[in-house]
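Q: Shown below is the structure under consideration.
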Amino acid sequence: MIRSFLKAIITSQYLAFVLRIFVGSFFLYASMSKIPYPAQFAEAVANYRLVPYWLLNVGAVLLPWIEFVSGLFLIMGFMSRASVILIGLMLIMFDVMVLINMYWGAPITCGCYDTVGEPIGWRKITENAVMLIFVVQIYFFDRFLIFRRGGLTDPARIKVASSAARR
Amino acid sequence: MTLSDREDILNILARSAVFRDLPKDTLDAATSVVRTLVVPPRTIIFREGDPGDSLYIINKGKVRIFRKDSSGMEIDLATLGPGNTFGEMALLSGETRSASVEVLEEAHLMVLAKNDFDRILRDFPDTAKIFFREMRRRLLTDEKRLEVEAVEAYRASRVSWFDFVVVVGVSMLLAMIFNYSNPNGIPLFPQLPERGRIPVISSEVALEEVQHDDALVVDAMPDNFYKKGHIRGAVNMPLGIFDIVYTMTFADENKERKIIVYGGTISKHYDMELADKLLMRGFKNVSILEGGLEAWEKKGYPVEEKAKS
């Protein structure tokens, strides 16, 4: 009883929709504080000492915009699968970068939302991990209010196989 | 029922997919027992799980056959129009309705009750064969559809590269345009100060110079790194606040004094950039410490950790 109730919630398309809005707006918010000040963001990324010199500025200019576009597309439900995968990859990347720097004991701040920022730590790792769980839920169960999910055919047209017992 | 009504019904039955192959006497028998029914749009005629009590033939209008999946989402199975029949499945199998039916456009229906249907089957046993044939045809259509859907579902489960290209492409385009027009924009590929313009010295030489020639060691890393650890006696001069630090502590410095700059990472060559700036301010004896703090520490030379700012 409780198990089936939990299952219904976890696999719910409405939950996926709520999470979609949440994760999407989170990324929009995160991107908007970085987009206007690429130099500061580049500095924050440089502090992680993981991105090679020649890639730093391109990354600092491009990454916030990928956050912005995939966040927006996710909320709109446009190419939402590709967007949610990109967001998932970014979350994994952030977590790996933070973990490595925690291992090094680097005295740096996150650079996630603004240049002052919170120091990196387990809190940040956990936040990203939870967000990653949301992303997985969205990837598998998001069906509600989708404009174009992605893939080669439009899944809205796909009717679940009904076999002979259709009437 | 007037004679012309009977004619009409007979004609409609004779045109419908299931009844058209039935012999004339069966049709006659059916004609005398069907009821006509007009149903307004958005009406549910029956729901999945209801007992199957009658068969419907559509004369006019449209209906939608659908089912709800476990999560409550409605899945359309078919849209039926004039000439189509629905509801015979439950009558033949004796089980409950396997799907729900909703009227889309005002539907003129003919209803054949279960008793009458059973009686026709009993009185005209050949009718059963025709129904079986119809069932088989549907089964084959469904199988074909199943195949197509399986392929489509497989394709949809994959994400196409095209989508990634679009998302990343749109981001790139916006990023370039915005960076170009943003007053705070940054060069995408910054120029490194020329290598070779600034002499590079090893830790040993640097130590020598610090001890004997009164060389000044400058840490170019951001101050949080400096605070964590730096060469003993080094002055911190982060690039971000170069001008402030310069005016406060460097302006009166002898331009001939030996200066050793260190501090660079994979992401930023702070040391080279700082050395370059110092050269431009007129300092003549600027050099860069090879390997930076790491090489220095490895040699066991003096460092300060967690110094007070």
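The values are calculated or read from the model by the stated rules, or taken from the named source; none is laboratory data. Only a predicted model underlies this, so the values are computations on that prediction, with no experimental measurement involved. Counting neighbours? That spans all protein chains shown, and the Cβs are built from the backbone with ideal geometry, glycine included. Side chains included, ligands, DNA and RNA excluded: accessible areas come from the protein's heavy atoms. Shrake-Rupley method; radii C 1.70, N 1.55, O 1.52, S 1.80 Å.
Q: Using only DSSP helix segments of four residues or longer, with each worth -39500 (n - 2.57), what per-residue ellipticity at 222 nm results for the protein assembly as shown after dividing by its residue count and rounding to 500?
A: Calculated at 222 nm, the ellipticity per residue is -16000 deg cm²/dmol.
Q: Further question on the same structure: Any chance you could look up the accessible area of residue B:214 with a 1.4 Å probe, heavy atoms only, rounded to 10 Å²?
A: Probe radius 1.4 Å; accessible area of residue B:214 about 90 Å².
Q: Rounded to a whole number, what % of the accessible area of chain B do carbon and sulfur atoms account for, probe 1.4 Å?
A: It is 54 percent, rounded to a whole number.
Q: Let me ask something else. Please report the spacing between the Cα centers of segment B:1-41 and segment B:238-298 in Å, no decimals.
A: Segment B:1-41 and segment B:238-298 have Cα centres separated by 98 Å.
Q: Let me ask another. Let me check something: with ligands and nucleic acids excluded, how do A:126, B:43 order by accessible area (1.4 Å probe), largest to smallest?
A: A:126, B:43
Q: Among the lysines, which have Cα under 25 Å from the Cα of residue B:255 when same-chain residues fewer than 8 positions away are ignored?
A: Those lysines meeting the cut-off are B:277, B:284.
Q: Continuing with the same structure: Which one, B:190, B:39, B:9, projects farthest toward the positive side of the charge dipole computed for chain B from Cβ point charges (K/R +1, D/E -1)?
A: Of B:190, B:39, B:9, it is B:9.
Q: For segment B:161-236 and segment A:132-147, what is the separation of their C-alpha centers, rounded to whole Å?
A: Between the Cα centre of segment B:161-236 and that of segment A:132-147, the gap is 40 Å.
Q: Considering only protein heavy atoms, what is the solvent-accessible area of residue B:148 at a probe of 1.4 Å, reported in Å² to the nearest 10?
A: Answer for residue B:148: close to 80 Å² accessible.
Q: Moving on. For the protein assembly as shown, rounded, prolate or oblate, judged on the Cα gyration tensor with a ≥ b ≥ c (square roots of eigenvalues), a/c < 1.5 rounded, else prolate if a/b > b/c?
A: Prolate is the answer for the protein assembly as shown, as a/c is 1.5 or above and a/b outweighs b/c.
Q: At a probe radius of 1.4 Å, what is the per-residue accessible area of residue B:270, in Å² to the nearest 10?
A: Roughly 10 Å² of residue B:270 is accessible to a 1.4 Å probe.
Q: Turning to a different aspect of this structure: Interface B/A, total buried accessible area with a 1.4 Å probe, nearest 100 Å²?
A: 5400
Q: Right, something else. Place a +1 charge on the Cβ of each Lys and Arg in the protein assembly as shown and a -1 charge on the Cβ of each Asp and Glu, then give the dipole magnitude about the Cα centre in debye, rounded to the nearest 20.
A: With only Lys, Arg, Asp and Glu charged at Cβ, the dipole is about 1320 debye.
Q: Also, I was wondering about something else. Could you list which residues have their amide H under 5 Å from that of residue B:52, counting only those 5 or more apart in sequence or on another chain, with H placed in the peptide plane?
A: Result for residue B:52 returns B:97.
Q: Next question. If you count only protein heavy atoms with a 1.4 Å probe, what accessible area per residue comes out for chain A, rounded to a whole Å²?
A: Result: 48 Å² per residue.
Q: With θ set to phi - 60°, apply the Karplus curve 6.51 cos²θ - 1.76 cosθ + 1.60 along segment B:256-263 and write out the HN-Hα couplings as whole Hz, x wherever there is a Gly or Pro.
A: With the stated coefficients, segment B:256-263 comes to 8, 5, 6, 10, 10, 9, 9, x Hz.
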